[in-house]
Every structure is written in structure tokens, then in C-alpha cells.
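The values are calculated or read from the model by the stated rules, or taken from the named source; none is laboratory data. Values in this document were obtained by computation on a predicted structure and should not be read as measured data. Cβ: placed from backbone, ideal geometry, glycine included. Neighbour counts: every protein chain shown. Only protein heavy atoms, including side chains, enter the accessible area calculation; ligands, DNA and RNA are left aside. Shrake-Rupley method; radii C 1.70, N 1.55, O 1.52, S 1.80 Å.
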Amino acid sequence: MAASMTAVFFHAHPDDEALLTAGTMAMLAAQGHRVVLVVATSGERGQADLAPGEALGEARIAELYKSAAALGCARVVNLGYGDSGLAPGGGIAEDRPPNAFIDADCEEAARRLAGILTEEKADLLTIYDPAGGYGHPDHVQVNRVGGRAAEIAGTPVVLEATVNRDPLLRGLKLVRRFYPQLDIRAFERAYSPGEEITHRVNVRRFARQKRASMAAHATQATGADTRTLGVMLKVPGPLYRLIFGTEWYVRRGLAPGTRLRHPFEVPPKG
């Protein structure tokens, strides 16, 4: 492994990095690697309790920079597309902003991201799995755009940030003992089964930074009866490290059964 490499983490909205890749980002930054955070949108169609006159998109971008600082990111980029909203497939087109990410031309968006990858001489790009994790249309678009951008820029390693569905369900059932209102049905077919995971990254040493990243996104812990992020932030420290101490990735094209522990680890040949 080179002494210093560059990893670009591509996410759909502010707070996605906190939930899926924050520990890995903090680890790489602490190891001297360059970490770049790119978001497609400002997440302006999310839910939140705001002060009068406060714009959600602006608030979430400010939170993104706070999160990035906690993780040691060297650069933050917002591609500036509109948040497509949570409805499957983006819902009714007339209800979306005119520049919604889901409506963006994939090739054009990919070339914009590829420009960043080329400028940064990126060694690694993270995207999402083809289903977009839990199915958010902007997350699905991240997979499409990010995969194509890596092809254009020649980025050698593409990792799909995901969650191992098996321990996720076990952990959520445990958390539900403390918060019985937590609905876990949406996670039963989300993300990736354990057999597809190629990278299991231990980030327990960086639980403090990961929790700080989550806490930075205060608007996403409010605005509804139960917010996933709000519930996560209430988990006690030792249990938090246990539940959120591993981050998972899938690298396509590796031999079945490949088990790697670092994003830059070279897979065995054959």
C-alpha cells in the first residue's frame, strides 16, 4: 500500500456519509490518505424542524462541512443537483425540482464527477450498490453515475458502500428493545447479504469521529416521529461501537468468498 493515496466518497445527500462510510473516511484520513467527499444534492427535500426563514438545503450543506471536518476530509464538493425526494422512482416528475438528480443525464453527470476524479488522481471511489441501499432514487443514480465516472476517469478501485443485512437486522432488533416504535420492515430486503460483501472494515477505533459526523447532521435527527439518525445517536457508547463498528463494501469482479479488511488492500490473485 502506498504511503498516501486518494479516496473519493460519492454520496447522494448530506448525512449519507455519516451513516455508511464515516468510520472508513476517518480511518483513511488518520492514516495520512487524502479523503474527498462529494455529494450530488443538498438534500433540500428532507424532513426537518427549522427556524423561521431557514432553508433546509443551506442548513444541510453547513452540517455537511461540519461532518467533513470531524472526519478529516481534505475537500468537500456539492455537484448541485436537486434532491429527487424519497418516493420510489422519484415519484411524479412534476413534483420534483427541475434539476432533480434522478432526471440528470447520466453521462453528463458522470463526466462532471470524472473531472473531480481526474483532478484528484483518485485511487478509489465509493458509490452505492445497484439497489441504492434502501432504494432511494438518488442512491440508485449514485450507482449509475459513479460507476460510469470511474470508467471515464480510469479510477482503478470502485467500492459499493452498503450494509451487511444480516447483522443489521440483528442490531436493529436489539435497538428496538429500547425503542419499540422503531419500524425495521424497510430493512428486511435492503442493502446486501453477507455472502456478497468483499470488504469488512473495522472502524471501532473511530467511533468517536463517526458519532460526531452523525451528530453534525442535527436537522436529520428531527422533523418526524422517529428518525433513524436520532435513534442511532441515542445508542450507548459501548453498544454503538458494537453495532456501528464495521463498515461494509462490495467490489465487483472479485472471486467469490473474497474477504478484505481495508479499502486499499490488494485482493489475492487467482
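See the values below:
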| item | result |
| --- | --- |
| About the Cα centre, charge dipole magnitude for the chain (Lys/Arg +1, Asp/Glu -1 at Cβ), debye | 1420 debye |
| Cα gyration tensor category, rounded, prolate or oblate, for the chain with a/c compared to 1.5 | rounded |
| Solvent-accessible area per residue for the chain (1.4 angstrom probe, square angstrom) | 46 Å² |
| All aspartates and glutamates inside 13 Å of Lys173 as judged from Cα atoms, apart from same-chain residues fewer than 8 positions distant | Asp183, Glu188 |
| Sequence-separation-based contact order of the chain, relative, with Cα cut under 8 Å and 6+ spacing, percent | 23 percent |
| Longest exposed-site-free window of the chain, the sites being trypsin sites (Lys or Arg not before Pro) in a DSSP loop that have at most 15 other C-beta atoms within 10 Å | 1-120 |
| Positive dipole terminus of segment 45-194, leading residue within Gly147, Ile127, Gly171 (C-beta point charges) | Gly171 |
| Carbon + sulfur, % of accessible area of the chain - ligands and nucleic acids excluded, 1.4 Å | 52 percent |
| Segment 149-188 shape via C-alpha gyration tensor axes, a/c threshold 1.5 | prolate |
| Per principal axis, descending, Cα span of segment 199-264 in whole Å | 43, 23, 17 |
| Computed over segment 103-203, Cα set: Rg, Dmax in Å | 16.2, 48 |
| Long-range HN-HN contacts of Asp129 with modeled amide H, under 5 Å | Ala161 |
